[in-house]
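Asks: Dropping the structure in here first, questions after.
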Amino acid sequence: MKYYSTRDISLRYESADAIKMGLSRDGGLLTPIEIPQIDRAFLESLVSASYQERAARVMGLYLTDYTVEELKGFADNAYGPDKFDTDAVAPVRRVDDATYCLELWHGPTSAFKDMALQMLPQLLSAALKKTGEDKTVCILVATSGDTGKAAMEGFADVPQTRIMVFYPKDGVSAVQELQMVTQEGANVGVCSVVGNFDDAQTGVKRIFSDEAIRAQLAERGFFLSSANSINWGRILPQVVYYISAYCDLLRDGKITMGQEINFCVPTGNFGDILAAYYAKRMGLPVGKLICASNCNDVLTDFLRTGVYDRNRPFHTTMSPSMDILISSNLERLLFDLSGENDAEVRGYMEQLGKTGRYEVSDTIKAALSEQYWGGFCDEEGTAATIHDYYFNRGYLIDTHTAVAANVMEQYRKATGDERVTVFVSTASPYKFCNHVLSAVGETPEGQGVELLDQLNRVSGVAVPRRLAALKGKTRRFDQSCEKQNMENVVLDFLK
């Protein structure tokens, strides 16, 4: 399988090269040149399989320069019992006969990013060997809260790697920040950025495209790659859990083979819902993809109008992993819907860079309307949904999951669509204790990890063991920088 850039289809790479690079040097996102197709027989063969086997089988369709044995070994390592607290890895929980929740937070950092970031370091390490790379790779990460910790957890002390994480100062939860600044590992670095996630993400992209910095690092024996969802090695493992969820519903007799289901996904950078789109493109029987945003509703407006406009107020919300106005992975969707028209996509991205706005063609608008439905949930609605699920359904959910549950109901009321719908749960409620406690009528008794015990007393839900272990951990990192100085932080880190 070859991969090419969304901005220049003449640039083609093997999958190992695509994973190693992370981002194309022209600023485009590396994307498979074809979408493998799955059929009824393929799905039937996965119904009784373990999550690890499902992962190896699905990823093998795209990673043709990796062996089946390699991928099986990687999946066993990534999703084994020492990493995940349930054998199901990504369990599907019943809410009612038409509603199910795909829980993606049972890994080591209690967030859905573990689903990909326990796999990516293994794919990347293998890619370094396959391509004969002798330099050390430095993983640059911009995080809105969860990617940073999950990436460091995956890459900590992995040979031939370094990892530097940038996060928005005062823009993540207390638990998320503590997870990052206490991270162990000799090869990791963490720095807060004065600004928001978009500032951090733009800074990382700027460093990637700076030829002078790349040349300077090459002289020092380093090259750059990414663990953000701009890296195909992040998107592909996420495709797996949508196919797995469908197989679980088949196995448990909740749906019949070929029956279409909807997915509702809370998203900011568009990677998670893009993975669902790829699963649908492969042939998974999916009806509507429901895109759930918080007050930063740039994606809602885009899906409804075809106009992407980041020129709007930025809101800091109780669902910080979605506090994003520049959704990088949307570029891959535009590339696919335009018929792989790299010139058209390049034009949109140039407009976004210059004016912060672009409007897609009528063809893409029609495709968006057919495939997607967009909605957003404000702060009051998020809290009300947490309250409703806890008291009326006996289900404690976090702020991001609540956004998805709320928008899912908006969609049903607006359309009357009665198809079985799976909404995605992206984080443990314990990562956002203060907001969850407030939503269920409690007054938070503190600011950080001390709230873990309070939420446990109130709810009776067990605290994830690795979050419980944060209490008393020593802070290792306290560096902060202005957004224009991120390059210097990287150069100092890689001396």
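The values are calculated or read from the model by the stated rules, or taken from the named source; none is laboratory data. Owing to the predicted nature of the structure, the values given are computational and were not obtained by experimental measurement. Virtual Cβ from ideal backbone geometry, glycine too; neighbours counted across all protein chains shown.
Asks: Determine if segment 345-362 includes at least one residue that is touching a Ser or Thr at 6+ places or on another chain (Cβ under 7 Å), of a type in the set (D, E, K, R) and at pLDDT 95 or above.
Replies: The answer is no; no qualifying residue exists.
Asks: Filter segment 1-48 for residues that are under 18 Å from G339 (Cα atoms) and of a type in the set (A, V, I, L, M); which is surrounded by the fewest Cβ atoms within 10 Å (Cβ to Cβ)?
Replies: I33
Asks: Further question on the same structure: Go through segment 182-225 and give me each residue that's under 25 Å from C433 (Cβ atoms) and surrounded by fewer than 21 Cβ atoms within 10 Å (Cβ to Cβ).
Replies: Once the filter is applied, which keeps residues that are under 25 Å from C433 (Cβ atoms) and surrounded by fewer than 21 Cβ atoms within 10 Å (Cβ to Cβ), segment 182-225 yields T182, E184.
Asks: On to the next question. Go through (1) more than 17 Å from the chain's Cα centre (by Cα); (2) under 28 Å from K83 (Cβ atoms) for S226 and report which single condition fails.
Replies: Here S226 clears every test but (1).
Asks: Do any strands (runs of 3 or more DSSP E) lying entirely in segment 22-131 carry at least 2 residues that are more than 15 Å from A245 (Cβ to Cβ), and which ones are they?
Replies: Output list reads 30-32.
Asks: Right, something else. With (1) touching a residue at least 40 places away in the same chain (Cβ under 8 Å); (2) farther than 22 Å from D17 by Cα as the list, and T136 as the residue in question, which single condition is left unmet?
Replies: The failed condition is (2).
Asks: Still on this structure: Only one of these conditions is not met by Q351: (1) more than 23 Å from the chain's Cα centre (by Cα); (2) under 30 Å from L337 (Cα atoms); (3) outside any helix (DSSP H, G or I). Which number is it?
Replies: Unmet condition: (3).
Asks: Can you tell me which of V407, V440, V424, V360 is under 21 Å from T109 (Cα atoms) and buried (at least 16 other Cβ atoms within 10 Å of the Cβ)?
Replies: After applying the criteria, what remains is V424.
Asks: So, in segment 189-242, exactly how many residues are outside any strand (DSSP E or B), touching a residue at least 12 places away in the same chain (Cβ under 8 Å) and of a type in the set (G, A, S)?
Replies: 9
Asks: Within segment 379-398, restricting attention to residues that are part of a helix (DSSP H, G or I) and of a type in the set (S, T, Y), which residue is surrounded by the most Cβ atoms within 10 Å (Cβ to Cβ)?
Replies: Filtering segment 379-398 for residues that are part of a helix (DSSP H, G or I) and of a type in the set (S, T, Y), the one surrounded by the most Cβ atoms within 10 Å (Cβ to Cβ) comes out as T382.
This table checks each residue for (1) buried (at least 23 other Cβ atoms within 10 Å of the Cβ); (2) in contact (Cβ under 8 Å) with a residue 24 or more places away in the chain; (3) of a type in the set (V, I, T); (4) in contact with a helix residue (DSSP H, G or I) (Cβ under 9 Å, 6 or more places away or on another chain).
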{"site": "H400", "(1), (2), (3), (4)": "yes, yes, no, yes"}
{"site": "Y411", "(1), (2), (3), (4)": "no, yes, no, no"}
{"site": "N434", "(1), (2), (3), (4)": "no, yes, no, yes"}
{"site": "V458", "(1), (2), (3), (4)": "no, no, yes, yes"}
{"site": "V461", "(1), (2), (3), (4)": "no, yes, yes, yes"}
{"site": "A469", "(1), (2), (3), (4)": "no, no, no, no"}
{"site": "D478", "(1), (2), (3), (4)": "no, yes, no, yes"}
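Asks: Here's another thing I want to ask about it. Any chance segment 142-149 includes a residue that's under 16 Å from E482 (Cβ atoms) and either at pLDDT below 95 or assigned to a helix (DSSP H, G or I) (or both)?
Replies: Looking through segment 142-149, at least one residue is under 16 Å from E482 (Cβ atoms) and either at pLDDT below 95 or assigned to a helix (DSSP H, G or I) (or both).
Asks: To continue, here is another question. Only one of (1) within 30 Å of V407 (Cα to Cα); (2) free of Cβ contacts under 8 Å to residues at least 40 places away in the same chain fails for C101. Which number is that?
Replies: It is condition (2) that C101 fails.
Asks: Being among the acidic types (D, E) and outside any helix (DSSP H, G or I) is the filter; apply it to segment 453-495 and report the residue that is farthest from S110 (Cα to Cα).
Replies: Residue satisfying both the conditions and the ranking: E482.
Each row is one residue, and each column tells you yes or no for (1) within 24 Å of the chain's Cα centre (by Cα); (2) farther than 29 Å from L250 by Cβ; (3) at pLDDT below 95.
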residue: H387; (1), (2), (3): no, yes, no
residue: I397; (1), (2), (3): yes, no, no
residue: E409; (1), (2), (3): yes, no, no
residue: R412; (1), (2), (3): no, no, no
residue: E418; (1), (2), (3): no, no, no
residue: N434; (1), (2), (3): yes, yes, no
residue: V440; (1), (2), (3): no, yes, no
residue: V461; (1), (2), (3): no, no, no
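Asks: Right, something else. Assess whether Q371 counts as being touching a strand residue (DSSP E or B) at 6+ places or on another chain (Cβ under 8 Å), in contact (Cβ under 8 Å) with a residue 24 or more places away in the chain and polar (S, T, N, Q).
Replies: Yes, satisfied.
Asks: Can you tell me which residue within segment 242-283, out of those that are hydroxyl-bearing (S, T, Y) and touching a helix residue (DSSP H, G or I) at 6+ places or on another chain (Cβ under 6 Å), is surrounded by the fewest Cβ atoms within 10 Å (Cβ to Cβ)?
Replies: Only one residue fits best here, namely Y278.
Asks: Let me ask something additional. Could you say whether any residue in segment 341-364 is of a type in the set (A, V, I, L, M), closer than 22 Å to A276 by Cβ and touching a strand residue (DSSP E or B) at 6+ places or on another chain (Cβ under 9 Å)?
Replies: yes
Asks: Then there is this: Which of (1) in a loop (DSSP other than H, G, I, E, B); (2) surrounded by fewer than 24 Cβ atoms within 10 Å (Cβ to Cβ); (3) of a type in the set (S, T, N, Q) is the odd one out, the single condition T300 does not satisfy?
Replies: Unmet condition: (1).
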